[in-house]
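Note sheet for the following structure.
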Amino acid sequence: MDTLSRDSSSSSNVLPLVGVIAGALGLILAIVALVKLSTLQKTVAAHDLEIPKIVTIEGDLRAATAKSETDLRGLREGVQNALTQVGTEIGTLRAQITKVEEAQKAKAAAPAGKGGAAAPTGVLNADGTYTIGSGDTFAKIARKFAVKMDAIEAENPGLDPTKLRVGQKIRIPKK
């Protein structure tokens, strides 16, 4: 029995040692946990200060978004109104162009006696002279009386064909 009693006394000495080691280990882990908890509390406190700022920023962002949407809606309406106005104006211009084209076609369909150019507006006098009217040129007068421009120039020496005046008299050559 001697061996048994010696074994039991040595194991009774180890047990308190294991308890002290376990207690020290528990104390160390508690200190580490306390440090971590303190750090975590500081972080949470810092975040608590930032949360109102985040809420304010979020409110500002929502207000800016609402204003942007309103501005965009107004811009779309403005562009649509401008495009509608441009379309209406184009339609009006097309109608005016059509009227002008129809008027030109009507003039082209008029009697061909004029040869496409306006007839001289002057007057042939009884003495064989011609009184220049508005818009008259030697070419128009020559065409009207079926003579050549050179013949009119020869019949009226010293007369500059580019300086004709309304009311001026010139001689028309005989055919």
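Points worth noting:
- Among Pro157, Pro16, Pro52, residue whose mean-square fluctuation peaks in a GNM of the chain (springs only between Cα atoms under 10 Å): Pro16
- Using a cut-off of 28 Å between Cα atoms, the listed pairs Lys105/Lys144; Lys140/Lys174; Lys148/Lys169; Lys99/Lys144; Lys105/Lys163; Lys105/Lys174 include Lys99/Lys144; Lys105/Lys163; Lys105/Lys174 as exceeding that distance.
- Quotient of the Cα radius of gyration of region 8-110 and 2.2 N^0.38 Å, N being its number of residues: 3.36.
- The calculated Kirkwood hydrodynamic radius for region 116-171 is 11.2 Å, given to one decimal from all distinct C-alpha pairs.
- Table column - 3J(HN,Hα) (Hz), region 86-92, Karplus curve with 6.51, -1.76, 1.60, x for Gly and Pro: 5, x, 5, 5, 4, x, 5
- Largest-first principal axis extents, alpha carbons of the chain, Å: 177, 31, 30
Just so you know, all these numbers are worked out from the coordinates, no wet-lab data involved. Values in this document were obtained by computation on a predicted structure and should not be read as measured data.
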